[in-house]
Amino acid sequence: MLGGDSLPVLIVVIDGLSDRPVNGKTPLSVANTPNLDKMAEMGINGIMDTIAPGIRPGSDTSHLALLGYDPFKYYTGRGPIEAAGVGIEVKPGDIAFRVNFATVEGEGSIFDKTVVDRRAGRIQDTEELIKAIRENVKLPVEFLIEKGTGHRAALVLRGEGLSHEITDTDPKEVGKKVKQCKALSEDAAWTAEIVNEFMQKAHEVLENHPMNAEREKKGLPKANALLLRGAGVMPHIPSFEEKFGLKLAVIAATALIKGVGSIVGGDIITPEGATGNRNTDIGAKIRAAKEAIEKYDVVLLHFKATDELGHDKDFEGKKEFIERLDRHISELLGINIAKNCLIITADHSTPVKVGEHTADPVPVVILHEDVRTDEVRKFSEFEAYKGGLCRIRGMDLLNIALDLLNIAKKFGA
Ligand code: ZN
Ligand code: ZN
């Protein structure tokens, strides 16, 4: 706790871990996971609806819930979270967008031109282009733009009287013209005008940038337009410290998860080698988590690859990643559960059968010396529900941990 002895909670979130059965089996149920199974034996088990039964969670909304925030109250779209995730200090009232560098062709203004590549040949090195936009585009309001991974970026508009009730400029398909931004409410007309001005000015800067002349010479698609989508307003959200009086760290490599950690005021740790995909350095992340619990009260450690492999409908790949994770997770068995509370869970299911997030509840196990252990001996979708935790909501998870650690406040007399 702040100013006192730390009683840390470590929450390991294995993104999209759980599945629906394929011939009666799931990647998690058939994976060889002696360490996760040991944890199931040592802890109290259950299943969890990260948001609510039947609600298909996004990774952003579910992570808000796992950190104790009601996503129905605080979630205003992906834009602000992505922007925070790439390092923009997003403030309440800011309008944030997800951005793609793209290739457009044709004559006239940006809105007369046709998108021929939505990722500008999956361009990586956009730093110079972003710098040129920062220096040369002038708008009636302040704007911030930051590079994301690959062809991605984030844009924030800051000023009085802005609205997020506007449409995307990304047509989301090649062969279509760049879309004009339109206001969805009367109040938003001025914002739409500013967005369209930004679109044209950014296009002019990019079209004339020497880097694009170079790319053209090499036969690469020019990164000569920015496509915007997912406008959202940054909500007023109490920080984790204000809400719980606790210090939070989020260990992740995925912008969206880093963004959730950032908007609630947590510290973000991305150890070297952490990539947010299947080649990530699992050991480095686990070591970072073990260090972080010495300094923070609540640490959320995120692994992304299971979700990706679920989207790819890759049963074997998902099983193998879970097994690899299990070998490294053995290091967490050394954590002192008299002092710490260790939780292993997921943010939602990403069944290989579906290739998308589903609302099927996720398994959860809580380890602490004071939990009432149960008869569950294997960490899997088919066993977890037999545990003493039964079925809980994502928003309850942190409360349960804080209660175990005797730092929860009493409700009533
Ligand atoms: Zn997820
Ligand atoms: Zn996903």
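The values are calculated or read from the model by the stated rules, or taken from the named source; none is laboratory data. Worth saying up front: this structure is predicted, and the values here are computed from it rather than measured. Here the Cβ is made from the backbone with ideal geometry for all residues, glycine too, and neighbour counts use every protein chain on show. Surface areas here come from the heavy atoms of the whole protein model, side chains and all, with no ligands, DNA or RNA. Shrake-Rupley method; radii C 1.70, N 1.55, O 1.52, S 1.80 Å.
I'd like to check something: does the stretch 103-112 contain any residue that is within 30 Å of H209 (Cα to Cα), of a type in the set (D, E) and at pLDDT below 95?
Looking through the stretch 103-112, none of the residues is within 30 Å of H209 (Cα to Cα), of a type in the set (D, E) and at pLDDT below 95.
Given D19, D15, D60, D70, which one is more than 16 Å from ligand 2 (Cβ to nearest atom) and among the charged types (D, E, K, R)?
One residue alone meets the criteria, D70.
Every residue, every condition in (1) in contact (Cβ under 8 Å) with a residue 40 or more places away in the chain; (2) open to solvent by 40 Å² or more (accessible area, probe 1.4 Å); (3) over 11 Å from I110 (Cβ atoms); (4) in a helix (DSSP H, G or I), yes or no:
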{"position": "Q180", "(1), (2), (3), (4)": "yes, yes, no, no"}
{"position": "E193", "(1), (2), (3), (4)": "no, yes, yes, yes"}
{"position": "F198", "(1), (2), (3), (4)": "yes, no, no, yes"}
{"position": "A202", "(1), (2), (3), (4)": "yes, no, no, yes"}
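Taking I400 and the conditions (1) away from ligand 1 (no atom under 16 Å from the Cβ); (2) touching a residue at least 12 places away in the same chain (Cβ under 8 Å); (3) more than 25 Å from K290 (Cβ to Cβ), which numbered condition does it fall short on, given that it satisfies the others?
(3)
Just need a number here: residues in the stretch 371-393 that are touching a residue at least 60 places away in the same chain (Cβ under 8 Å), of a type in the set (D, E, K, R) and open to solvent by 60 Å² or more (accessible area, probe 1.4 Å).
Residues that pass the stated criteria total 5.
From K258, K290, which residue is part of a helix (DSSP H, G or I), out of contact with any Lys or Arg (no Cβ under 7 Å at 6 or more places or on another chain), over 21 Å from N340 (Cα atoms) and in contact (Cβ under 8 Å) with a residue 24 or more places away in the chain?
Among K258, K290, only K258 is part of a helix (DSSP H, G or I), out of contact with any Lys or Arg (no Cβ under 7 Å at 6 or more places or on another chain), over 21 Å from N340 (Cα atoms) and in contact (Cβ under 8 Å) with a residue 24 or more places away in the chain.
Pick out, from the stretch 53-154, the helices (runs of 4 or more DSSP H) lying fully within it that include 1 or more residues that are farther than 15 Å from G259 by Cβ and more than 16 Å from ligand 1 (Cβ to nearest atom).
71-74, 127-136
To keep it simple, each residue is scored yes or no on (1) within 16 Å of ligand 2 (Cβ to nearest atom); (2) closer than 17 Å to A40 by Cβ; (3) in contact with a Cys (Cβ under 8 Å, 6 or more places away or on another chain).
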| residue | (1), (2), (3) |
| --- | --- |
| L309 | yes, no, no |
| R324 | no, no, no |
| N336 | no, no, no |
| L342 | no, yes, no |
| G355 | yes, no, no |
| A359 | yes, no, no |
| R372 | no, yes, no |
| Y385 | no, yes, no |
| D396 | no, no, no |
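Being surrounded by fewer than 22 Cβ atoms within 10 Å (Cβ to Cβ) and either touching a strand residue (DSSP E or B) at 6+ places or on another chain (Cβ under 7 Å) or not assigned by TED's automatic domain parsing to the domain that holds N196 (or both) narrows it down to one of K176, K138, so name that one.
Matching residue, one of K176, K138: K176.
Would you point out the residue of the stretch 297-310, among those that are within 10 Å of ligand 1 (Cβ to nearest atom) and assigned to a helix (DSSP H, G or I), that is surrounded by the most Cβ atoms within 10 Å (Cβ to Cβ)?
Among those residues, the one meeting the criterion is G310.
Test of understanding: among F321, F303, F315, which residue is out of contact with any Leu (no Cβ under 8 Å at 6 or more places or on another chain) and among the aromatic types (F, W, Y)?
F315
So which of L333, L325 is closer than 17 Å to N35 by Cα, assigned to a helix (DSSP H, G or I), open to solvent by 10 Å² or more (accessible area, probe 1.4 Å) and of a type in the set (A, V, I, L, M)?
The unique qualifying residue is L333.
When you look at V116, is it under 20 Å from P351 (Cα atoms) and either open to solvent by less than 10 Å² (accessible area, probe 1.4 Å) or at pLDDT 95 or above (or both), yes or no?
No; evaluated as a whole, the condition is false for this residue.
Which one is farthest from G159 (Cα to Cα), of the residues in the stretch 74-100 that are among the aliphatic types (A, V, I, L, M) and surrounded by fewer than 24 Cβ atoms within 10 Å (Cβ to Cβ)?
V86
Are there any pairs, at least 6 apart or on different chains, whose C-beta atoms fall under 6 Å, with the first in the stretch 11-34 and within 14 Å of H328 (Cα to Cα) and assigned to a loop (DSSP other than H, G, I, E, B) and the second modelled with pLDDT under 95 and within 16 Å of ligand 2 (Cβ to nearest atom), and if so, which?
none
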